[in-house]
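Shown next, in structure tokens, is the structure this report addresses.
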Amino acid sequence: MRMINKTVRKWVKSVLLYLYKKIEAAATADLPRFANNPRNLRIDRPRRILSAHRIYIGDDVSIGPGALLVPQVRYPSSVMRHPDEKHDVQTFDSKIVIGNRVTSTGMLTIAAMQVVTIEDDVMFAANVLIADGMHGFEHANEPYKYQKMWKIAPVLVKRGCWIGQNVVIMPGVTIGALSIIGANSVVTKSIPDRCIAIGAPARVIKTWDEHAQAWIPVGEEP
């Protein structure tokens, strides 16, 4: 009886492994056609990718489930319009650029109206939002979803950064190379290279001292 159970478990395990590999292969096979031809790209299901011809992705990129990648072409889209009102339509020449060896745990949202650039070797924890524009709120006379997008400015995340869980990166921000953004931060202003920033709005709390080879709290001597 014990031998039978062991054989059944082994068989079930092999079947599940086979099905898992098949699902992974299918998820890769039905990726949309991007602006370039990345090698060894993985974007797990579920995912939503719009205007893929405006997205450039490097090699060896791995993006976890729940990704939303949107280079916006026009606003409002059909789902954001009021059925009984006319809206002025904005058009955008947008793109998203993702470098080599970028990784994301999951739930990565990137929305571009101009350009969002992620350089090589950036690591995203879960549930990160990056947007180079905002829904308008010039007035409070109509719902904000019907107002024009505004404050549009490019976003750049430089090489080797670590972006923590639940981080929001706002329009016009550059995050310097090899910097760290702590979990739950909202980045409203640019962060220099080799810094640690936390908070909402995010502020630099430590910088890397090349001579001491250590992180130094802001305001302290190494």
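The values are calculated or read from the model by the stated rules, or taken from the named source; none is laboratory data. The structure displayed is predicted, hence computed values, not measured ones. No Cβ is skipped: glycine too gets one built from the backbone with ideal geometry, and neighbour counts run over all protein chains shown. These accessible areas exclude ligands, DNA and RNA; they are computed on the full protein's heavy atoms, side chains included. Shrake-Rupley method; radii C 1.70, N 1.55, O 1.52, S 1.80 Å.
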> What is the chain's relative contact order, in percent, from Cα pairs under 8 angstrom and six or more apart in sequence?
Replying inline: 11 percent
> Using a 1.4 Å probe, how large is the accessible area of Trp162, given in Å² and rounded to the nearest 10?
Replying inline: 120 Å²
> With point charges of +1 on the Cβ of Lys and Arg and -1 on the Cβ of Asp and Glu, referenced to the Cα centre of the chain, which listed residue (Thr103, Phe137, Asn184) lies farthest in the positive direction of the dipole?
Replying inline: Thr103
> Over the chain, what is the percentage of antiparallel beta bridges among all DSSP beta bridges, to the nearest 5?
Replying inline: 25 percent
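With the full set of protein chains in place, find how many percent of the accessible area of the chain is carbon and sulfur; take the probe as 1.4 Å.
Details: 7390 of 13290 Å².
Here carbon and sulfur together make up 56 percent of the probe-accessible area.
Order Lys189, Lys151 by their accessible area, 1.4 angstrom probe, all chains in place, largest first. Present the calculation step by step, with values, prior to reporting the outcome.
Numbers: Lys189 150, Lys151 110 Å².
Result of the area sort, largest leading: Lys189, Lys151.
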>> For a test of understanding, tell me how many lysine pairs in the chain have Cα atoms under 17 Å apart, given they are 8 or more places apart or on different chains.
In response: 10
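How much area per residue is accessible in region 107-222 when the probe is 1.4 Å and only protein heavy atoms are counted (Å²)? Could you put the intermediate results ahead of the total?
Values: 5910 Å² over 116 residues.
Heavy-atom accessible area per residue stands at 51 Å².
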> How big is the accessible area of His139 in square angstrom, nearest 10, if you roll a 1.4 angstrom probe over the protein chains?
Replying inline: 70 Å²
